[in-house]
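K.L.:
Got a structure here, written out as structure tokens. Questions coming.
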Amino acid sequence: MKMVCEALKEKFGNTIRELEGGTEKQCHVLIPRDAILKTVGFLTGLLPMRLVFLFASDTRKENKAFTLSYVFSHTQQDSFIILEARIPENDPVFPSVTPFLPQANWQEREIQDLFGLVAGNLPDPRSLVFHEDWPRGHFPFKKDFQSQQKIPRVSGQYIFERVEGEGIFEIPVGPVHAGIIEPGHFRFSSAGESIVKLEIRHFYTHKGTEKAGEGKSPSHLLCLAERISGDNSFSHAAACAQALETLADIQVPERAQFLRVIFLELERLHNHMSDIAGISLDAAFSFGASQLMRLKESLLRINERLAGTRLLRNVIALGGVRKDISGVQKQRFLEEIQKIKTDFDSIIQILWQVDSLVDRIEGTGQVKKEVAETLGGVGPVARASGVDQDLRRDHPYAAYKELFFMVPVFKEGDVESRMKVKIQEVYESFKLIYDALHTMPEGPLCSEARPILPLKSALGYVESPRGECFHWIATDREGKITRWKIHSPSFVNWPLIQYAVLENIVPDFPLINKSFNLSYAGNDR
Amino acid sequence: MFRILKKNLAVGKATLPYAPHAAKTTEGFLGAPEIDPAKCTRCGQCVLQCPTKALTIADHAKEARRSFYISYGDCIFCGLCEPACPYQAISFKGKFELAARTKKELCHELSSALSDVRKDKAFVSTEKIYFKKKPDEISAFRQGDFADKLTLEEIGESLSQKIQKLFGRSLHIREVDAGSCNGCEVEAVNLSNPIYDAERFGVHFVASPRHADMLLVTGPVTRQMELALVKTYEATPSPKLVVACGSCAISGGMFDGNYAVAGGVDRAVPVDIYVPGCPPRPEAILHGIFLALEKRQ
Ligand code: SF4
């Protein structure tokens, strides 16, 4: 990482300065506002560097200006470089990187809505987070915005992008959908049956979670993190805990690291089970769906026995875990996992022999590798399109460094590939759980809690079942949490669906959507 | 085809029997916190740890008494209070059938003479505690931003009248996510899996509110879902029942007091049954549905 910093300094001279307070794996670099485009462009041009996400924070009290942070991952050296630029309050404009990095589009729009900073040259400056009845000029993530206040509703209008031409018609869907799923709006433009454009409009479930986290104690913040996206409770909580642990300089005991791996993989298992079940259901093969849902229920019951909750809540703690797996439990757990695996095996074999299913998923909802890369796609969705990345391997956390596993990657990028990736990952998870249970050392479950340090910031991350999930936490002078940024995999992957559906028929949309299975709550926060 | 049949035969019957109140949970399941009134001294230590102020204390100067409240409608079942109690008065024993018709029923009170509590060395003064809302102010339906879109004659109709009209039929439920974390959805979906198979009780989930007798609403009612919820309520034919499912739906849960949420389903539409849990397990949701139908016995 030092090399990258040096390269930056060499190229851009001493306007660039390394900031204090970084760690071995996280290096902070301060850049002037007018160098944003050049430095971000330079870093994305370097082969191993990848822009992960960008966000703003209101640091007017500490630095007399807002701060924009661009987080880059160095994929070969397991480190992150964070570029920081100060944006003065009296001229709150920053240059948009979206024109050459389309993945920044939603992120920059979000910054505009929440902080009132203006992204100059942003191709699509419409409001993203707030809907038409939100009055202009209220920016909830500014420090002087009281989070309890109720903002009056005004009348307004949201303009959808339109496709015009003979025979083109629009189909609005949502926010309330037909099944038991979360709310969101989809607007299709189609010619005949074929979709020519899809515009996604979300944030119906926006709850101001990041703001609600400010000033919370670590244990309460973890409770909130568990409730960002219910089916990924443990992943979010683990990412949040990692960030807090870096802030408090706490070493997590080894046994707890292994237990975290086990719970993370249990979460992946139950998520992937229901995803594959969903694909099977939407391809009208209900046998597969009900069998896999049965397995999912068995997994939830294992969760319940080990963790006390079905969604693995109440397990994580600052400095470790709250729940152990005893010798007796371990034996029974192993037997059950083995049984579920055999069961899963036989169901999957049947699935691949059902022509009606295979026909529906083959070639449907394709995402090309270039699209996935340009939009910064993550997780199983990206891996199904040939993008080989997985935080567990590239930036190992918990005990993943000590365990061996494969990262399945497929090329086609269609529903079938996404299903294949998930099926393979299920097998890897079984293996990881098995290995972790056997290699886990004895020892304490949790380190002693220590207060988090003032004026620091830290990154925590997890490869959740949906892909990479980042939490970034900063503290103020008193050691209170002043900014909590949640970067969820769904937020990155939703725009990909807009491409995946093109030239597909409208009735295939539920199937494509299911193969992504993104979280609305995680996206909207 | 043969393989499918074989697999089906091999699996056999997966569905669990369900008799309300006899439903067994897996051992290890935490469930709701239960307070042992004999051990509890009302000192207030747990109140400091509770993330949603489901545990609160209030000192009544006039009667020189301290009241200690536990509200299952606010509780997120996080378990932080258990280790906080110096007297081991709080335990988690897997209790989950908590559904009730009013929020008041969900709130339990213990009280002691203030002079006794003061002697306790773990005593916490009420000055240290921030109250989200006073327990005695827990009210039922309050009209929200879109009250003008609600048909008001609905509100007065009593539950038993509604049930009479619904009695003897199967029940059609429309699920509405009003901003949940999707945890409640996971459990609502599980209701139809082969283990719980709610269909056998005549409980069907339907795709449109126009076919529904009951709305199962989750989430704290976000600002941007409030209108959609009111519209769905209006589209449901009368008589209709509304079940608020999960802590968020009852009180706003972890998200209450934020610019983006209304803080519970009854801040937008009238509610008939409250089902605590975060999320409520499938049996708890079923229990709530049955309670709504008064089919409990
Ligand atoms: S009650 Fe709990 S599980 Fe249900 S939506 Fe709220 S936070 Fe999620």
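The values are calculated or read from the model by the stated rules, or taken from the named source; none is laboratory data. Nothing here was measured: the structure is a model prediction, and the numbers come from that model. Neighbour counts are summed over all protein chains in view; Cβ atoms, including those assigned to glycine, are modelled from backbone coordinates with ideal geometry. We work out accessible area using only protein heavy atoms, side chains counted, and drop any ligands, DNA or RNA first. Shrake-Rupley method; radii C 1.70, N 1.55, O 1.52, S 1.80 Å.
K.L.:
Can you tell me the accessible area per residue over the protein assembly as shown, all protein chains present, probe 1.4 angstrom, in square angstrom? Each step should come with its number before you reach the end.
P.N.:
Values: 31160 Å² over 822 residues.
On a per-residue basis, the protein assembly as shown sits at 38 Å².
K.L.:
Could you tell me the relative contact order of chain A? Use alpha-carbon pairs under 8 Å, at least six residues apart, and round to a whole percent.
P.N.:
On the way: 1020 pairs, mean separation 84.7, N = 525.
Relative contact order, chain A: 16 percent.
K.L.:
If you filter the range A:451-480 for GluC sites (Glu not before Pro), then keep DSSP loop positions with at most 10 other Cβ within 10 Å, what is left? Could you put the intermediate results ahead of the total?
P.N.:
On the way: sites: A:Glu463, A:Glu468, A:Glu478; in loops: A:Glu478.
The qualifying sites are A:Glu478.
K.L.:
Give me the percent of the accessible area of chain A that comes from carbon and sulfur atoms, probe 1.4 Å, all protein chains in place. Before the final figure, lay out the partial values.
P.N.:
Working: 9720 of 18920 Å².
Roughly 51 percent of what the probe reaches on chain A is carbon or sulfur.
K.L.:
Let me ask something else about it. Report the calculated FRET efficiency for A:Leu37 and A:Val407 (r = Cβ-Cβ distance, R0 = 35 Å), to the nearest 0.05.
P.N.:
After rounding, the FRET efficiency stands at 0.60.
K.L.:
Check A:Ser79: other-chain or 5+ apart residues with amide H under 5 Å from its amide H, H built from backbone geometry?
P.N.:
A:His74
K.L.:
Rounded to the nearest 5, what % of DSSP beta bridges with both residues in the range B:152-296 are antiparallel?
P.N.:
Numbers: 1 of 17 bridges.
Taking every DSSP beta bridge within the range B:152-296, about 5 percent pair in antiparallel fashion.
K.L.:
May I ask you to evaluate 6.51 cos²θ - 1.76 cosθ + 1.60, the Karplus curve with θ = phi - 60°, for each residue of the range B:213-221 and list the ³J(HN,Hα) values in order in whole Hz, giving x for glycine and proline?
P.N.:
9, 9, 9, 9, 10, 10, x, x, 6
K.L.:
Return the distance in nm (one decimal) between the two label points of a simple spin-label model at A:Gln498 and A:Arg60, each offset 7 Å from Cα along Cα→Cβ.
P.N.:
Rounded to a tenth, the inter-label distance reads 3.1 nm.
K.L.:
Suppose every Lys and Arg Cβ carries +1 and every Asp and Glu Cβ carries -1, with no other charges. What dipole size does chain A come out with about its Cα centre, to the nearest 20 debye? Display every interim value, and only then the final one.
P.N.:
Numbers: 63 positive and 68 negative charges, 278 e Å.
With only Lys, Arg, Asp and Glu charged at Cβ, the dipole is about 1340 debye.
K.L.:
A further question follows. To the nearest Å, what is the center-to-center distance of the range A:1-69 and the range B:74-125, using C-alpha atoms only?
P.N.:
Computed from Cα coordinates, the inter-centre distance equals 49 Å.
K.L.:
Could I ask something else about it? Taking 7 Å along the Cα-to-C-beta vector as the label spot, tell me the A:Ser127-A:Asp388 distance in nanometres, rounded to one decimal.
P.N.:
4.6 nm
K.L.:
Quick one: which residues, 5 or more positions from A:Ala317 or on another chain, have an amide H under 5 Å from its amide H? H modelled 1.01 Å from N in the peptide plane, none for Pro or chain starts.
P.N.:
A:Arg322
K.L.:
For A:Arg450 and A:Glu166, what is the calculated FRET efficiency with R₀ set at 51 Å and r taken between the beta-carbons, to the nearest 0.05?
P.N.:
So, using R0 = 51 Å, E works out to roughly 0.15.
K.L.:
Given a Förster radius of 56 Å and the C-beta distance between A:Ser194 and A:Glu24 as r, what FRET efficiency does 1/(1 + (r/R0)^6) yield to the nearest 0.05?
P.N.:
After rounding, the FRET efficiency stands at 0.60.
K.L.:
Here is a further query. Read phi for every residue in the range A:290-304 and hand back ³J(HN,Hα) as whole Hz from Karplus 6.51 cos²θ - 1.76 cosθ + 1.60, θ = phi - 60°, with x for Gly and Pro.
P.N.:
Going residue by residue, I get 6, 5, 5, 5, 5, 5, 4, 4, 4, 5, 4, 6, 5, 3, 4 Hz, with x marking Gly and Pro.
K.L.:
I'd like the interface area for chains B and A: accessible area of each alone minus the complex, both sides summed, 1.4 Å probe, protein heavy atoms only. What is it in Å² to the nearest 100?
P.N.:
Numbers: alone 15080 and 21630 Å², together 31160 Å².
Counting protein atoms only, the buried area is about 5500 Å².
K.L.:
Separate question: Pop out the ³J(HN,Hα) list for the range A:225-234 in order, Karplus 6.51 cos²θ - 1.76 cosθ + 1.60 with θ = phi - 60°, rounded to Hz; leave Gly and Pro as x.
P.N.:
4, 5, 10, 6, 9, x, 6, 10, 3, 5
K.L.:
Hey, for a label at B:His60 modelled as a point 7 Å past Cα toward Cβ, could you say which residues of the range B:93-122 have their backbone N under 15 Å away?
P.N.:
B:108-115
K.L.:
Under a plain spin-label model, where a point goes 7 Å from the Cα along Cα-to-Cβ, how far apart in nm are A:Ile505 and A:Asp249?
P.N.:
So the label points at A:Ile505 and A:Asp249 sit 6.4 nm apart.
K.L.:
May I pose another question? When the chain is fully extended, how far beyond the present Cα-Cα distance does A:Asp91 get from A:Arg17, taking 0.36 nm per residue of separation?
P.N.:
Details: separation 74, 0.36 × 74 = 26.64 nm, distance 2.26 nm.
Stretched fully, the A:Asp91-A:Arg17 segment lengthens by 24.4 nm.
K.L.:
Same structure again: Amide H to amide H, which residues 5 or more places from A:Arg483 or on other chains are under 5 Å from it, using H placed in the peptide plane?
P.N.:
A:Ala474
K.L.:
Let me ask you something else. Taking the Cα centre of chain A as the origin and placing charges on Cβ (Lys, Arg +1; Asp, Glu -1), which of A:Ile337, A:Gln26, A:Leu264 is farthest toward the positive end of the dipole?
P.N.:
So the residue we want is A:Gln26.
K.L.:
Which Cα, out of A:Ser447, A:Ala372, A:Leu83, lies furthest along the positive dipole direction of the protein assembly as shown (beta carbon charges, K/R +1, D/E -1)?
P.N.:
A:Ser447
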